[in-house]
Amino acid sequence: MNKKMKGAWIVHHSQKLAQVTGSTGDYERIHLAGRCGLLLNALAATEQATLSDKKVKALAKANQINTIMELPTVLKELKRQRLLDKGKSGIEVLGLTTAQTLEHTSTIFEEHDPQPCEKAALELSEKVSDIPLLKNDALHFISDKFEIPSNDSQNTLLECKEIGFVDSEAVGNHVLYFNGNLFRKPEIPKINGVISSLTSDEAQKVSEVIAIFNSEGCIPINKAPSILGATLYAKLISIGFLDENSIGNEFGTFSFVTRPAAFSKFSNTAADDAFDLAKAMVTSLKYGMTKSTYQRGKITMINALMRKLINGHWVGPVRAIGQDYKVLEFKGVVEVQEHSPGKFLMKLLKKDIGKLALKVITEGEASADSLFELPTVSATTYNGPEPNRVFTRRKQTSGVQKGIVRILDDLRTGGLG
């Protein structure tokens, strides 16, 4: 596993650990490195930048980092890594891409003498993202590769499941382990494996939905269940076959559905943070293209706008900038400044995210035409596929669970390894 991939898993696992009540126990190095990566990704732009203490705290809060208990430790570690330098009234941060941030996250983890169980948690997650594993196979993998005694391997696997690093389902007398990244790559055997596990009626519905995705890229939240039915839809969300994305503002939350591999042409989708930021940016831009008025700042030439941003220029001033890009401000993707009362300027800080968003708009499955299928909302919050998948799994009925078990078992036994 390369450093970028490992960094992505560290950030993923640290977000799971942040939801655990009480001590993170033997996974403290993952937690520290992940928090460092999360903050660094929010602070670092493509070019070296100076940020005030006030802005640093605001970005930390926006990314759920405790400014009293966590922020000082994280800043100290990032300074030790020479990624930032503390001044009298702020910090200077090196220019970094998202990929470089993930690599530094991996370095921080390795330099803190990680425990065998932590290394196992990362490698196991990568392994079950390729194909589901039976419990005995998972235990042998943990024990053999990381030289963990048998009893400790049992505890490690149990912790990975309880914390949420991996998911599990009972298959007859066995337990099968997997996670939400099974379908991040457009692998035809896996897709066929899912379809072959369904009834002929269900398989026809899935094929119909896949055909819609191939032409539209993404579809509104109410369209997929109306074709698949609520039970089958929940099955497919729970195993990560479909992705449910949620964006929101003061008027409510709006969701849309994509295929996990829809953006893999342009990005390694296992690096979830970069992928989700591009989605959030595409969604925000789409709102400006379709719902904003000319007086407010309607986007009429998206290619010209994005190229200007990618080249490092400010755009505006318009009123819409002050309202439509808050989620991107929170993540350190853009900087917004007030130019005059009620009118704002915007500058792109993460050029790699802007380039990916432009490719998605102009070349990808979510092309300019299919953007009109996205929910039209000025986003101030964004939830990516993983939290929505976990929420669906938690509320699944017994009928949904049986369907998930069958699909996973068919994937494991279908010669996909």
Top-ranked residue in the stretch 21-44 [being modelled with pLDDT of 90 or more and either among the aromatic types (Phe, Trp, Tyr) or outside any helix (DSSP H, G or I) (or both); ranked as surrounded by the fewest Cβ atoms within 10 Å (Cβ to Cβ)]:
27
I'm trying to understand the selection: among the residues of the stretch 128-152, which are hydroxyl-bearing (Ser, Thr, Tyr), buried (at least 18 other Cβ atoms within 10 Å of the Cβ) and free of Cβ contacts under 8 Å to residues at least 24 places away in the same chain?
143
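From 57, 61, 86, which residue is assigned by TED's automatic domain parsing to the domain that holds residue 18, within 19 Å of the chain's Cα centre (by Cα) and farther than 25 Å from residue 309 by Cβ?
Numbers: 57 fails: within 19 Å of the chain's Cα centre (by Cα); 86 fails: within 19 Å of the chain's Cα centre (by Cα).
One residue alone meets the criteria, 61.
Return the total of residues in the stretch 131-171 being touching a strand residue (DSSP E or B) at 6+ places or on another chain (Cβ under 6 Å) and of a type in the set (Ser, Thr, Tyr). Before the answer, list the steps.
Residues of the stretch 131-171 that are touching a strand residue (DSSP E or B) at 6+ places or on another chain (Cβ under 6 Å), as a first pass: 132-135, 138, 161, 166-169.
Next, from what is left, pick out any that are of a type in the set (Ser, Thr, Tyr): 168.
Residues in the stretch 131-171 being touching a strand residue (DSSP E or B) at 6+ places or on another chain (Cβ under 6 Å) and of a type in the set (Ser, Thr, Tyr): 1 in total.
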Condition (residue is outside the structural domain of residue 30 (by TED's automatic domain parsing) and free of Cβ contacts under 8 Å to residues at least 12 places away in the same chain) applied to the stretch 112-126: is it met by at least one residue?
no
So, in the stretch 327-357, how many residues would count as being surrounded by fewer than 18 Cβ atoms within 10 Å (Cβ to Cβ) and more than 19 Å from residue 47 (Cα to Cα)?
6
Subset of the stretch 247-280 (residues that are modelled with pLDDT under 70 and over 24 Å from residue 10 (Cβ atoms))
247, 248, 249, 250, 251, 252, 253, 254, 262, 265
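The values are calculated or read from the model by the stated rules, or taken from the named source; none is laboratory data. Since the model is a prediction, treat every value here as computed from it, not as a measurement. Neighbour counts run over all protein chains shown; Cβ positions are idealised from the backbone, glycine included.
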